[in-house]
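Asker: My questions will all concern the structure given below.
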């Protein structure tokens, strides 16, 4: 059996560990000549909060404001991810065959990540873990755990860098 990895999805927030996780995925991509997709899922505002605000300012006005803010935030997030990718690419010894692609979505991180992985038909999902003190060794983050339980794809969990 030979391992064939053509598409890698790296799902990442914009925490300080983002660079390490993205670099890990890029280095894997170099070794396998794979395409990397960098995904960031922005959380949506709780519906009960939106309902309260809609009562105050009006549903139409809120919908327009929400759509505008989501679009602006998604664009800023794409720019931040491109900056991280560019910085990490410059630090690598090997040249990347396929430039990474960035996707930004709104929603619940685990289901959106699984949906994007299915749509892109990726071979591997790369996730970061957050250091949560002594419990870090007993539990993964809830998003990583949900993805591990529900996917049939290979998943790599990148621990926080030592000293960060």
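Every number in this text was worked out from the coordinates using simple rules, so none of it is lab data. Since the structure is predicted, the reported quantities are computational estimates derived from the model, not experimental observations. Because the Cβ atoms are built from the backbone with ideal geometry, glycine has one as well, and the counts that use them run over all protein chains shown.
Asker: On a 0 to 90° scale, report how tilted helix 59-91 is relative to the longest principal axis of the chain, with both axes built from alpha carbons and the result rounded to the nearest 10.
Answerer: 20
Asker: For q values of 0.17, 0.19 Å⁻¹, compute log₁₀ I(q)/I(0) with the Debye formula on a Cα-only model of the chain, without solvent.
Answerer: Once normalised to I(0) and log-transformed, intensities are -1.05, -1.23.
Asker: Between helix 47-57 and the chain, what is the angle of the helix's C-alpha long axis to the longest principal axis, kept within 0 to 90° and rounded to the nearest 10?
Answerer: 40
Asker: Can I ask one more? How do 52, 42 line up, fewest other C-beta atoms within 10 Å first?
Answerer: Fewest-to-most Cβ neighbours within 10 Å comes out as 52, 42.
Asker: Now for a separate question. Among 49, 116, 97, which one moves the most in a GNM of the chain with springs linking Cα atoms closer than 10 Å?
Answerer: The residue with the greatest mean-square fluctuation here is 49.
Asker: Sticking with this one: With contacts defined as alpha carbon pairs under 8 Å and 6 or more residues apart, what's the relative contact order of the chain in percent?
Answerer: 33
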